[in-house]
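**Q** Just dropping this structure here.
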Amino acid sequence: MENPLQQTPGAGTALTEEVAQFDAIIIGAGITGLYQLYRLRQLGLSVRVYEDGAGVGGTWYWNRYPGARFDSESYTYGYSFSEELLQEWDWKEHFSGQPENERYLNYVADKFDLRRDIRLNARVASAVYDERENIWQIQTEDGHRARAQFLITAVGLLSAHYVPDFAGLDSFKGAWCHTGRWPKEGMDLRGKRVGVIGTGATGVQLITEIAKEVVHLTVFQRTANYCAPLRNGPIDPETQRRIKASYPEIFKKCSETPGSFMHQFDPRSALEVSPEERLAQYERLWAEPGFKKWLANFHDVMIPGEANEDYAKFVRNKIRERIKDPVVAEKLVPKDHMFGSKRLPCESGYYEVYNQDNVLLVDVREAPIERITPKGVKTADAEYELDVIIFATGYDAVTGSLNRIDIRGEGGQTLKAKFAQGPRTYMGIQSAGFPNLFTINSASVGNFVRAAEPLVDWVSDCICYVRNHQFSRISPTPQAEAAWTQHVAEAGAKILRTQADSWFVGANIPGKARALLTSPDSAPVMRAKRAEVAAKGYEGFLLQ
Ligand code: N01
């Protein structure tokens, strides 16, 4: 029998029933995976994408819960690599909803003929590095195997959904689901008594939407959040025309800001202007759509300190104003963490939901959830009868989606063990002992597509460099990795994102080590750092 590894693969075609071989394997057909496929194919590599879902789109495939939508401006969130695509696609709303976002990613997959290299319903169970042959071999849960020199995990920051380990869940007689695994056929909540656990960005979107149709809604809140009005609306034809004419400027603006959003901080301190001027700016921005309220605000609003607390007070009062019952209002006002230290949800009528007669807010910090019963949820002081429980309880971020794959590098070491105390990488992209593995789900936060495109470009150039220089493998030096890991810990300790218990630092998952899971640096700094490393012949990496 022929050795499948000796065959020359055609672009993206599995050659044998035994083990398919490609130049590169990508895990995940979401935003990053689709673009990574496009880029590697452009470079002439044979590529196969393995995707767990029955469709492409990643986050926008799985998160089909009512209310799911962008909170970045739609026109900043699309791919920028194709002018034709930019001109063809009409975003219908300023902050587009999940159905349209999923349609967009399917449109991209069709337009660039990506599907022929994507295997759907294919969950990768393991990825093992063969050091003698310098090859990664993956195996899917249904037993399909494939090999490639390069392996790219485009598995998303937030894809390993987390359901708390409540006793008794199996006994619940009603229906339940996690928002990140919302059934494709939908859930009929009309006339039902529904309980939602979790009030993060997902819970806030979901609660607002389903409160319109359920007979009764019980919201189990552990931590109140600072939420701000999204102020979404349709894009009229004239605005559409202007957007399409100004994509280069939009993307340029995004490329200059820390989180790749189109909003630039006011360089002034909130404390250097008069209280009247400060309040006037807060109010003016509050009336604007999206993240402008904080990302175009005085720069120190997003730095731990006095300005941050001043703005937090402003937001708390905005919340209070919208809720009729002062007792309920105080429960919804965050007091235990700094403004911006957790992800800030945008909303469209969230607080008014709590003025409805059919909505009950339960503070589970006061009376924690003890168990799920056959009838519903039992807290320390009551049992709440429910027909449906929805877990909006978040994700085992970044490392969780990697850990769900048995990834083994040199000497059989597992990535899970290596990352047990937090990610140990160089620039979030590679880890020593795992050559030719690019963990691109861990490198950045912010406006996701704007951050993902340059990262994918960098990885593609890097792979090209390795091949063109007749190297067979690349991995970081232990020194570069140690220095980067230390940098993440030290610089991370100073930023807002590490100041609260949230997914940013793994603190939302019981037993997970506390460590910043992404880069502490701004997007421009990260791009410059990566460019410098590449310009110096991939300094900090071992090329063999
Ligand atoms: O998850 P979360 P998410 N008992 O971890 C609660 C992105 N996103 O899915 O805060 C009771 O933020 C938990 O309580 P606490 C965005 O980056 C983007 O909402 O830990 N409650 C919290 O309230 C976001 O940050 C969009 O005290 C429990 C909630 O569950 C990220 O996804 C939209 C609990 C989890 O909140 C994740 O958001 C939506 C327990 N045992 C999401 N365990 C866009 O608009 C957890 N909770 C693009």
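The values are calculated or read from the model by the stated rules, or taken from the named source; none is laboratory data. Because the structure is predicted, anything quoted here is derived from the model rather than measured. Counting neighbours? That spans all protein chains shown, and the Cβs are built from the backbone with ideal geometry, glycine included. These area figures cover heavy atoms from the full protein model, side chains too; ligands, DNA and RNA do not enter into them. Shrake-Rupley method; radii C 1.70, N 1.55, O 1.52, S 1.80 Å.
**Q** Can you list the HN-Hα couplings for region 486-492, worked out from phi with the Karplus curve (6.51, -1.76, 1.60; θ = phi - 60°), rounded to whole Hz and with x for Gly and Pro?
**A** Along region 486-492, the couplings run 5, 4, 4, 5, 6, 5, x Hz.
**Q** Label points 7 Å out from Cα along the Cβ direction at Ser255 and Asp457: separation in nm?
**A** About 0.6 nm, to one decimal.
**Q** Keeping all protein chains in place and using 1.4 angstrom, which order do Leu45, Leu279 fall into by accessible surface area, from largest down?
**A** Leu279, Leu45
**Q** Please compute the per residue accessible area over the chain with all protein chains in place, 1.4 Å probe, rounded to a whole number of Å².
**A** Normalised by residue count, the accessible surface of the chain is 41 Å².
**Q** Which links in Lys184/Lys378; Lys342/Lys416; Lys252/Lys529; Lys192/Lys212; Lys342/Lys512 stretch past 20 Å when you go from one Cα to the other? Numbers along the way, then the final one.
**A** Details: Lys184/Lys378 29 Å; Lys342/Lys416 26 Å; Lys252/Lys529 18 Å; Lys192/Lys212 12 Å; Lys342/Lys512 17 Å.
Result: Lys184/Lys378; Lys342/Lys416 exceed 20 Å.
**Q** Also, quick follow-up: Would you tell me the accessible area of Thr477, worked out with a 1.4 angstrom probe on the heavy atoms of the protein chains, in Å² to the nearest 10?
**A** 30 Å²
**Q** To the nearest 20 debye, what is the magnitude of the charge dipole of the chain about its Cα centre, counting +1 on the Cβ of each Lys and Arg and -1 on the Cβ of each Asp and Glu?
**A** In debye, rounded to 20, the chain gives about 280.
**Q** So, one more: First measure r as the distance between the Cβ atoms of Asp381 and Asp142, then evaluate 1/(1 + (r/R0)^6) with R0 = 51 Å and state the FRET efficiency to the nearest 0.05.
**A** Step by step, r from the Cβ atoms, then E = 0.65.
**Q** Just the number, please: carbon plus sulfur as a percent of the accessible area of the chain, 1.4 Å probe, no ligands or DNA/RNA counted.
**A** Using a 1.4 Å probe with all protein chains present, the chain comes out at 51 percent carbon and sulfur.
**Q** Per residue of region 211-222, in order, report the coupling 6.51 cos²θ - 1.76 cosθ + 1.60 (Karplus, θ = phi - 60°) as ³J(HN,Hα) in whole Hz, putting x for Gly and Pro.
**A** 4, 6, 10, 7, 6, 8, 10, 10, 9, 9, 10, 9
**Q** Lys375: which aspartates and glutamates have alpha carbons under 12 Å from its alpha carbon, excluding same-chain residues fewer than 8 sequence positions away?
**A** Asp170, Glu383, Glu385, Asp387
**Q** If you don't mind, there's one more thing I want to ask. So what is the 222 nm mean residue ellipticity for the chain from helices alone, if each DSSP H run of at least 4 adds -39500 (n - 2.57) and you divide by all residues, rounding to the nearest 500 deg cm²/dmol? Before the final figure, lay out each step's value.
**A** Numbers: 18 runs with 169 residues, N = 544.
Per the formula, -9000 deg cm²/dmol.
**Q** A further question follows. Which sequence of Ile495, Ile389 reflects their accessible areas, 1.4 Å probe, from the largest down?
**A** Descending accessible area places them as Ile495, Ile389.
**Q** Give me the angle, in degrees from 0 to 90, between the Cα long axis of helix 275-286 and the longest principal axis of the Cα atoms of the chain, rounded to the nearest 10.
**A** So the inclination is approximately 60 degrees.
**Q** Over region 118-214, calculate the relative contact order: mean separation of alpha carbon pairs under 8 Å at least 6 apart, over the residue count, as a percent. Kindly include the intermediate steps, with their values, before the conclusion.
**A** Details: 68 pairs, mean separation 14.1, N = 97.
Relative contact order here is 15 percent.
**Q** Then there is this: Starting from the amide H of Val196, placed 1.01 Å from N in the peptide plane, find each other amide H under 5 Å away whose residue is 5 or more places distant or on another chain.
**A** The answer is Thr218, Val219, Phe220, Ile390.
**Q** Calculate, in nm to one decimal, what Ser348 and Asp336 gain on full extension: separation in residues at 0.36 nm each, minus their alpha carbon distance.
**A** 1.9 nm
**Q** Explain nothing, just the number: relative contact order of the chain, from Cα pairs under 8 Å at least 6 residues apart, as a whole percent.
**A** 19 percent
**Q** Considering the chain, what Rg and Dmax in Å follow from its alpha-carbon atoms?
**A** Taking only Cα atoms of the chain, I get Rg and Dmax of 23.7, 81 Å.
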